[in-house]
Amino acid sequence: TAPDTAANTTTPNPGSNPGSTNNQVVAPESTQATASAPAGVPAGVPTSDTPAAPVAAANPAMEATIEEKGEVSTLYVGRVIGKGGEMIRDLQARSGCRIDVDQNVPDGAPRIITYRGTRSTIDFAKHLVQILCSEGGKEAELPLGKAIRKQIQVPGTVIGKIIGRGGEMIRELQSKSAAKIQVDHTGGGVDASHRQVTVTGTEQSVLKAEEMILFLCANPAMDAMQAIGMLIREKTQSGAPWGTGPPYPNLPNQGQGMPGANEMGMGGGGGMYGGS
């Protein structure tokens, strides 16, 4: 991972921001002679013979999916990607734009960043990247844009299960949900027995992450990885949308307070509900 220290250097603007042409839609003049209004109908009042008013079409240049490339300095590429790709997923959720960073370049050369989306989503994504690629940008409060943010209160007794050894579980939750998940260890704003977990992403990714987190809270005896695998399998089999929560009819105890794997005879992760 590239160095993550800020430097007093000017970072190249990732890509250009070409303006778009607003195509005006002009209604053609009617080739038919204006018919006189029927008897008893005041002039100017629409009748069944009155042609419908033309509707202006949306500017296709603003809605078309396009792709643009730019560069990111090696000084800041670590900020843009984040641990396990968490920052780039966050940027995609905020902007609604697909963002890819190609690091297959010579040592020391700027990384190639590719944006794919509409004109407006690409411009916003570039703005977010520019904030990160500036001195102090790592701590900057990025605008939410298209993303949403939700705070979840989690019992302190299960926060370790959500984080996992070395952050393994929280990275898995972020990967499965495509949301960014942050744990507040200061205990600010909540009672001492709980921790606040902040989830940021698209509406769908936040719903998915929230249900996964609450499922772990409801099943503290379960191995976290096995529990998430069971939940994903249950969702796939039942077809229930994310965010609907329990009960889970295909799981033991309706998916609430399930016993550990050994008590269910699942052993080391095999069994009916194992896997992910």
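Values as computed for the structure displayed
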| read-out | value |
| --- | --- |
| Protection-proxy order for peptides 240-252, 101-113, each taking the mean of Cβ atoms within 10 Å per residue, highest first | 240-252, 101-113 |
| THR65 - accessible surface, heavy atoms, 1.4 Å probe, Å² rounded to 10 | 90 |
| Residue-wise HN-Hα coupling along segment 149-163, computed from phi with Karplus coefficients 6.51, -1.76, 1.60 (Hz; x: Gly, Pro) | 9, 9, 9, 10, 8, 10, x, x, 5, 10, 5, x, 5, 6, 6 |
| Global form of segment 75-234, assessed from the alpha-carbon gyration tensor, a/c cut-off 1.5 | prolate |
| Percent accessible area from carbon and sulfur atoms, segment 95-202, protein chains only, probe 1.4 Å | 48 |
| Estimated vicinal HN-Hα couplings, Hz - segment 167-180 in sequence order (Karplus 6.51, -1.76, 1.60; Gly, Pro = x) | x, 4, 6, 5, 5, 5, 4, 5, 5, 5, 9, 6, 10, 8 |
| Links that overshoot a 31 Å alpha carbon limit, given the list LYS138/LYS235; LYS69/LYS235; LYS83/LYS126; LYS138/LYS208 | LYS138/LYS235; LYS69/LYS235 |
| For segment 117-133, 3J(HN,Hα) per residue [Karplus equation, 6.51 cos²θ - 1.76 cosθ + 1.60, θ = phi - 60°, Hz, x = Gly/Pro] | x, 7, 4, 5, 5, 5, 4, 5, 4, 4, 4, 5, 5, 5, 5, 5, 8 |
| Global form of segment 74-122, assessed from the alpha-carbon gyration tensor, a/c cut-off 1.5 | oblate |
| Distant-in-sequence amide H partners of GLU71 (H built 1.01 Å from N, under 5 Å) | GLY15, ILE113 |
| Shape call, segment 176-231: gyration tensor on alpha carbons, a/c limit 1.5 | oblate |
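The values are calculated or read from the model by the stated rules, or taken from the named source; none is laboratory data. Remember, it's a predicted structure, so these values are computed and weren't measured experimentally. With ideal geometry, Cβ positions are generated from the backbone for all residues, glycine too; neighbour counts draw on all protein chains shown. SASA here: full protein model, heavy atoms, side chains in, ligands and nucleic acids out. Shrake-Rupley method; radii C 1.70, N 1.55, O 1.52, S 1.80 Å.
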